Amino acid sequence: MAILQEMSELLQKGRAKQVKELVNQAIAEGLSAKDILEEGLLSGMGIIGEKFKNNEVFVPEVLVAARAMNAGVELLKPLLVSEGVASKGTVVLGTVKGDLHDIGKNLVKLMMEGKGLKVVDLGVDVSAEKFIAAAEENDADIIACSALLTTTMNEMKAVVDALSGTAIKDRVKVMVGGAPVTQAFCDSIGADCYTEDAASAADAALALCTA
């Protein structure tokens, strides 16, 4: 539909005010909240995610597009609830204990939300116990750990080990990422998934949640 195509294009340009106007217009025209979300907002954010992965756009463009998406999503939230549209999965996200870097984590959050996932952001300096407690409390599908320091990477192993002693261990996957993290490190600590950038992390998380 033309209105959803236009919404997607405006979102990619970060025009939050116009995106909100179009969301309201689409609601008034009787389009379902699910269609507006998926074909208007998420499709636009998906295109930005791909462009970011291919170095065609950069962090500032992602941030303004995400702001526009969130402005539209806020209007849709009550309608999505009444239509019974469930999120595609829940991710508990945080930077591990001892590490205060959050730029990469924040980008991952935006990209995951852009795929229709619910993200519970625990912030930085998050202990293994806090990751596990949040996963249990939010019925999460994934725990996603970020680290930027080689000295804090081993906290990811603490999360994997802590999870292995819980009742949710078979249904919650652990994703790891950050500058010093590698596939070999992921394998060595027994984590389920490693990706090298935020857009790939969002793709992998969606695949894990819908598998």
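At a threshold of 8 angstrom on Cα-Cα distance, excluding pairs fewer than six apart, so keeping six or more, what relative contact order does the range 1-156 reach in percent?
23
If the reach is capped at under 18 angstrom between alpha carbons, list the aspartates and glutamates near Lys130, excluding any in the same chain fewer than eight residues apart.
Correct list for Lys130: Asp99, Asp102, Asp121, Asp139, Asp141, Glu155, Asp161.
Write down the radius of gyration of the range 95-169 and its Dmax, each obtained from C-alpha positions, in Å.
12.0, 33
Work from the charge dipole of the chain (Cβ charges, +1 for Lys and Arg, -1 for Asp and Glu, about the Cα centre) and give the residue of Gly177, Ala28, Ile143 farthest towards its positive end.
Value: Ala28.
To the nearest 20 debye, what charge dipole does the chain have about its Cα centre, counting +1 at the Cβ of each Lys and Arg and -1 at the Cβ of each Asp and Glu?
The dipole of the chain has a size of about 220 debye.
For the chain, find the longest principal axis of its Cα atoms and tell me its angle to the long axis of helix 198-210, 0 to 90°, nearest 10.
Orientation of helix 198-210: about 90 degrees from the principal axis.
What shape does the range 85-211 have by the C-alpha gyration tensor, where a ≥ b ≥ c are the square roots of the eigenvalues, rounded means a/c under 1.5, and otherwise prolate means a/b greater than b/c and oblate the rest? Let's see the in-between values first.
Values: a/c = 1.40, a/b = 1.16, b/c = 1.21.
Cα axes put the range 85-211 in the rounded bin.
My understanding is that a pair violates if its Cα-Cα distance is over 22 Å; which of Lys51/Lys173; Lys53/Lys109; Lys53/Lys169 do that in this structure?
Distance filter (> 22 Å) returns Lys51/Lys173; Lys53/Lys169.
What number in nm² do you get for the range 40-92 if you take the convex hull of its Cα atoms and divide its surface by four?
4.4
What whole number of Å gives the distance from the Cα centroid of the range 178-203 to the Cα centroid of the range 1-69?
Result: 28 Å between the Cα centres.
For the chain, what does -39500 (n - 2.57) per DSSP helix run (n ≥ 4), summed and divided by total residues, give at 222 nm, in deg cm²/dmol to the nearest 500?
So the calculated ellipticity at 222 nm is -16500 deg cm²/dmol.
When DSSP beta bridges are limited to those with both residues in the range 41-195, what percentage is antiparallel, rounded to the nearest 5? Can you show the working numbers first?
Working: 0 of 17 bridges.
That works out to approximately 0 percent antiparallel.
What does the charge dipole of the range 138-196 about its Cα centre add up to, to the nearest 20 debye, if the Cβ of each Lys and Arg holds +1 and the Cβ of each Asp and Glu holds -1?
For the range 138-196, the charge dipole is close to 80 debye.
Give me the percent relative contact order of the range 74-209, please, defined on Cα pairs under 8 angstrom at least 6 residues apart.
Value for the range 74-209: 27 percent.
Just the number, please: carbon plus sulfur as a percent of the accessible area of the range 1-149, 1.4 Å probe, no ligands or DNA/RNA counted.
Exposed carbon and sulfur together represent 53 percent of the surface.
Provide the FRET efficiency to the nearest 0.05 for the Asp187-Ala2 pair, computing r from the beta carbons and using R0 = 45 Å. Spell out each step's value before the answer.
Values: r = 48 Å, r/R0 = 1.06.
With a Förster radius of 45 Å, E is 0.40.
Could you provide, to the nearest whole Å², the per residue accessible area of the range 46-122 with probe 1.4 Å?
47
Straight-line reach only, C-alpha to C-alpha below 19 angstrom: list the aspartates and glutamates that Lys34 could link to, leaving out same-chain residues fewer than 8 apart.
Glu6, Glu9, Glu21, Glu74, Glu83, Glu113
Which value, in debye to the nearest 20, gives the size of the charge dipole of the range 89-146 about its Cα centre, when Lys and Arg are +1 and Asp and Glu are -1 at the Cβ?
That gives a dipole near 200 debye.
The values are calculated or read from the model by the stated rules, or taken from the named source; none is laboratory data. Because the structure is a prediction, the values reported are computed rather than measured. As a convention, Cβ positions derive from the backbone with ideal geometry for all residues, glycine included, and neighbour counts pool all protein chains shown. Remember, those area values only see protein heavy atoms, side chains included, never the ligands or the DNA or RNA. Shrake-Rupley method; radii C 1.70, N 1.55, O 1.52, S 1.80 Å.
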